[in-house]
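Undergrad: Take this structure first; my questions come after.
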Amino acid sequence: MPIRWPSAASAILSHPARGWTAMSPRARIGFGVATVIILGLILFLWLFQWNWLRGPVGALASARLNRTVVIAGDLDVHPWSLQPRVEANDLRIAQPGWVKAGGDMARVGRISVQIELLPLFAGRAVLPRLEIVRPRVSLIRLADGRSNWSVGGGGGAGAKLPAIRHFTIIDGQLSLKDARRKTTFSGRVFTDETAGGAGKGVFALRGVGRLNGARFLADVTGDPLLNISPDRPWPFRADIRAGSTHIVATARILKPFDLGGFDGDVMVSGADLNDLYALTGLALPNTPPYRLRARLIRRGTLYSFEKAAGRVGDSDVAGTLTVQTRGERPFLTADLRSRRLDFDDLGSLFGGAPSTRKGETASPEQTAMAGRMQAARRIFPDATLQVDRIRAMDAKVVYRAGTVNAPGLPLTQVQLDLDLKDGVLTADPVAVTFRRGAVRGVVRLNAQGDTPRTDLDLRLTGARLEDWITVTSAGPPAIEGQIVARAKLTGYGNSVRKAAGSADGTLTVVAPSGQMRQAFAELLGVNIFRGLILLLSEDPRQTPIRCAVADFRVTDGVARANRIIIDTGVVRVEGSGVVNLKTERLNLRFEGQSKKPRLLRLFIPIKVEGPLTKPDIDLQTGDAVAQGGVAAALATLLTPLAAILPFVEPGLAKDANCAALVAEGRARGAPVRTPTAR
């Protein structure tokens, strides 16, 4: 028959002699054997040398972590408690084999772990104490993505730590060399527990060091860990400063300490969103100083930024963002809106600087950049494109701006749809809407190769000349009419300046019809006397624009004019020259011919040359001086009337072949229609 151990033991303990004699011989033998085993086990544990297990434990950990693990100091175990404690001294974890420098990934002076036994039967792990003394941790990630802290297929879902009720780090030191993000960090990590108000304690985890050479401070504080429960969220506050970047979060870990699930409110500010790459691994665009807030939710590998809102430069922005970290690269999706976009803020996206005029928002670095570009009279920024960051993530971003602040430009709306995949960034469409008309097209940046390639194909449709050319004077607009254009270019280089300086393609602008104040048409033909007289008299008479075409062929960053013609009812102007995108200078010459006989015509070509930012307009007076010399000579021989003959234009200029010019513009991709003959 089976032995009932609890009842037998109870009988023996209550009446030792009677209980023992009452037991059967078989029961007495079984009970004696059990007693010997228990006493032997107690004696064994009491006398056992736990250092004998250092080798087996190290071998087991080495196999699990795929790198050498050694307990070089004493291994102490204190088992006589419902909360047994294990203490290892001088723990060393070597670098994985692919780290050429060798050495230790981590070395800990002492680590002490205590665990509660009873919760283990319910499938929960609770650590009453975790103490780490003098840890020295060296983290490394190579450009190919291998990292010494990756020991399994966690997939970035977040560490799942047991509930810890007393967590101590003493004199911790941490270094990081991340070739993939081009990030370095060196600093100290430690914990602190202090008494708070009303007898309430505070737990703090702090870090101090330098991130990419800039000062780094991290301060995570929360309720004391003593009463922490795996079933209750643990609230905390994080305050992180890295250079000019400042992050403040008030959040909670839903199940302490499963770091894969938390939510809270976050505020982020700094000089440039691009600086967040070192902290987040997200290749965000360059921007002016910003301040944003959002509701941050993490569920495993998915981060959601809900109800994001704030300001970037002098523009407001709001929307939602998500980041999926599962996979080879982070995947960002965003839907963003601006009620009012300050147009100069977009300059930072291309490596330039926003406006630095009074009242505008710019960082000290951007202000310095703007000063250098202004001093050099440059438009195209030479900031190096960080192609490694473009390759480090994928993204789909939708952006809309409802209104645009752009003094001097008739802009009303902006639309961008961005797709980044496998190192290729495509903006389709890029759409900028004006009061009348729009620019719309595709821009593609291929950063897969050693030298990035940029392709753009932009078209201007439905625009009006009077929205772009304004002259302050009484009477009707100086010029009116439709204008269309197309730019199709391909450039190579890791900056906007290099891409522009190597560009090949075409630029075409066509005004298929319209009208112009006759005074300005006369000035355009440099019939100075008549033009000034009409202008000063505010003559409202109009002359038709039969057509206007400016067509350039761009080769290796130099745009050479194939044809520049402006044909009006009274004047025909032809131009020639180049626009050098490498040197950011232009050299254009315009010559006008009147179509009607004009008395007192002063024929002076116009030359436009100099930097693109502020070219000089020069009247080529040499020809006029020569004509004046001829007039003086004739005056000595002929009647006084002959002296003015060199200034009379016989009106021999013919109408430009507008239909052919417009057809040529259409062939080059300008979306135009042949104008009605006038």
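Undergrad: Identify, by number, the condition in (1) among the polar types (S, T, N, Q); (2) farther than 23 Å from VAL397 by Cβ; (3) not assigned by TED's automatic domain parsing to the domain that holds GLY187 that ASN286 doesn't meet.
TA: For ASN286, the exception is condition (2).
Undergrad: Which of the following residues is without any contact (Cβ under 8 Å) to a residue 60 or more places away in the chain, more than 18 Å from THR168 (Cα to Cα) and loosely packed, with under 15 Cβ neighbours inside 10 Å: GLY201, GLY213, GLY209? Full working, then the answer.
TA: On the way: GLY201 fails: more than 18 Å from THR168 (Cα to Cα); GLY209 fails: loosely packed, with under 15 Cβ neighbours inside 10 Å.
One residue alone meets the criteria, GLY213.
Undergrad: With the requirement that a residue be at pLDDT 70 or above and not aliphatic (A, V, I, L, M), what does segment 135-160 give you?
TA: Pass one, segment 135-160, residues at pLDDT 70 or above: 135-151, 159-160.
Passing the criteria: PRO135, ARG136, SER138, ARG141, ASP144, GLY145, ARG146, SER147, ASN148, TRP149, SER150, LYS160.
Undergrad: Mind counting the residues in segment 530-571 that are in a strand (DSSP E or B) and either at pLDDT below 80 or not basic (Lys, Arg) (or both)?
TA: Step one: filter segment 530-571 for residues in a strand (DSSP E or B), giving 542-555, 558-568, 571.
When the remaining residues are screened for being either at pLDDT below 80 or not basic (Lys, Arg) (or both), the result is 542-545, 547-552, 554-555, 558-559, 561-562, 564-568, 571.
The number of residues fulfilling the criteria is 22.
Undergrad: Among the residues in segment 63-73, are any within 38 Å of the chain's Cα centre (by Cα) and outside any helix (DSSP H, G or I)?
TA: Yes, the conditions are met somewhere in segment 63-73.
Undergrad: Is there a residue in segment 486-505 that is of a type outside the set (Lys, Arg), farther than 26 Å from ALA353 by Cα, outside any helix (DSSP H, G or I) and at pLDDT below 90?
TA: no
Undergrad: How many residues does segment 291-339 hold that are among the basic types (Lys, Arg), surrounded by 17 or more Cβ atoms within 10 Å (Cβ to Cβ) and in contact (Cβ under 8 Å) with a residue 60 or more places away in the chain?
TA: 2
Undergrad: Then there's this: Of all residues in segment 409-421, count the ones that are under 15 Å from ALA463 (Cα atoms) and out of contact with any Gly (no Cβ under 8 Å at 6 or more places or on another chain).
TA: Taking segment 409-421 and keeping what is under 15 Å from ALA463 (Cα atoms), we get 409-413.
From what's left, out of contact with any Gly (no Cβ under 8 Å at 6 or more places or on another chain): 409-412.
Here the count works out to 4.
Undergrad: Give the number of residues within segment 234-251 that are crowded, with 17+ Cβ neighbours inside 10 Å and not hydrophobic (A, V, I, L, M, F, W, C). Walk me through how you get there before you give the answer.
TA: Looking only at segment 234-251, we keep the residues that are crowded, with 17+ Cβ neighbours inside 10 Å, and these are 234, 236, 238, 240-243, 245, 247, 249, 251.
From what's left, not hydrophobic (A, V, I, L, M, F, W, C): 241, 243, 245.
Qualifying residue count for the region: 3.
Undergrad: Also: Just to be sure I understand, how many residues within segment 251-270 are closer than 28 Å to PRO128 by Cβ and of a type in the set (Val, Ile, Thr)?
TA: First, the residues of segment 251-270 that are closer than 28 Å to PRO128 by Cβ: 251-264.
Those left that are additionally of a type in the set (Val, Ile, Thr): 253.
Result for segment 251-270: 1.
Undergrad: Next question. Determine which member of the set ASP265, ASP272 is farther than 20 Å from THR301 by Cβ and buried (at least 18 other Cβ atoms within 10 Å of the Cβ).
TA: Working: ASP265 fails: buried (at least 18 other Cβ atoms within 10 Å of the Cβ).
Unique residue meeting the criteria: ASP272.
Undergrad: Out of everything in segment 75-130 that is outside any loop (DSSP other than H, G, I, E, B) and of a type in the set (Val, Ile, Thr), what residue ends up being surrounded by the fewest Cβ atoms within 10 Å (Cβ to Cβ)?
TA: Step one: list which residues in segment 75-130 are outside any loop (DSSP other than H, G, I, E, B), which gives 75-78, 85-94, 104-114, 118-122, 126-127, 129-130.
From what is left, the residues that are of a type in the set (Val, Ile, Thr) are 77, 86, 93, 108, 111, 113, 126.
Details: VAL77: 14, VAL86: 16, ILE93: 21, VAL108: 21, ILE111: 18, VAL113: 17, VAL126: 21.
So the residue we want is VAL77.
Undergrad: What's the total number of residues in segment 325-340 that are farther than 21 Å from ASP275 by Cβ, out of contact with any Asp or Glu (no Cβ under 7 Å at 6 or more places or on another chain) and at pLDDT 95 or above?
TA: Matching residues across segment 325-340 total 3.
Undergrad: Only one of (1) modelled with pLDDT of 90 or more; (2) more than 24 Å from GLY501 (Cα to Cα) is not met by LEU409, so which one is it?
TA: (1)
The values are calculated or read from the model by the stated rules, or taken from the named source; none is laboratory data. None of these values were measured; they are calculated from a predicted model. Here Cβ is always computed from backbone atoms with ideal geometry, including for glycine, and neighbour counts include all displayed protein chains.
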